[in-house]
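Below you'll find the structure, written out as structure tokens, and then a few comments.
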Ligand SMILES: O=C(O)CCC(=O)C(=O)O
């Protein structure tokens, strides 16, 4: 099945929220990233020439110099895929890149992650902004959905990438791992071992190809994976709003980390109350104003719904999120 495609120039933010975010339906927004200076300037060579000697995170625990990594990306082939970068958080590791991503893409704005009312553990004003780079045949290593009920947005900056998704309803056909239920045991979903995983044949694949400027919205609990068709650079962000808050709270409160019942109850009460407060502030009258002042400005700051509601990226906390 093809993922729906809409043009950014014809898709209002309100329609995007109603038809896709609230409905938990994936969509590609064409041109959502077209206004980024990055879309004009980022190429594999850009990273090699600017940051060649810098050691960067590629995957969990794997680091390389940018120079060696980009050489491997260029050499990557369908039958001999090179490494795929998916653990480089831009804010703490390459803040020089942030100006290339402003003005922010409104469709991937992190919303509640950017609220100062978020507990510090989940305060991510850039939405866990990550850099994803790979060469032909490179791929994200596992079919998965994002933890803590997050929505995700992946915006293609350079090159082409195949992106596939499976609905949460297909979870029983995807063989979730016992210890990590948001990861599938199937391995490469384009070359599944159907003798080991026969139910996978019943799963409905939603398919698209991302080109520069395209953003795919990945709703909470939708399984997804990506494979590079030509050397590719993209970014990934997470987002919370009223549509995925309850699932987020349920998940973080299930993970008790040794907390007793009373503490868990207190945490759940606080987070549920915060959700109700943010929902009210997000719907407060006058939220559409371009430059709010007074009380409206305070409301916008506490419950940001678009990038102009928050301070610019130079003031973001650059804590290491790896
Ligand atoms: O490589 C991609 O585009 C997928 C990224 C992703 O799913 C993730 O970082 O969680």
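No value in this document is a laboratory result; all are computed from the given coordinates. Fair warning: this is a prediction, and the values are worked out from it, not measured in the lab. With ideal geometry, Cβ positions are generated from the backbone for all residues, glycine too; neighbour counts draw on all protein chains shown.
Helical runs assigned H by DSSP (4 residues or longer) give the chain a calculated mean residue ellipticity at 222 nm of -6500 deg cm²/dmol, each run adding -39500 (n - 2.57) before division by the residue total.
Our Cα-only numbers for region 50-117 put the radius of gyration and Dmax at 15.2, 48 Å. For the options 284, 276, 266, a Gaussian network treatment of the chain with springs between C-alpha atoms closer than 10 Å singles out 266 as fluctuating the most.
Each part reduced to its alpha carbon centroid, region 1-47 and region 223-257 end up 16 Å apart.
So if I take the centroid of the Cα atoms in region 152-173 and the same for region 110-129, what is the distance between those two points in Å? A separation of 23 Å, based on Cα centres. The per residue volume of the convex hull around the alpha-carbon atoms of region 243-315 is 121 Å³.
Beta bridges per DSSP, both residues in region 5-242: antiparallel share near 90 percent. If R0 is 45 Å, what FRET efficiency do you get for residue 96 and residue 293 from their C-beta distance, rounded to 0.05? Efficiency for this residue pair is about 0.85. Evaluated on the chain, the Kirkwood hydrodynamic radius is 20.5 Å, with distances taken between all distinct Cα atoms.
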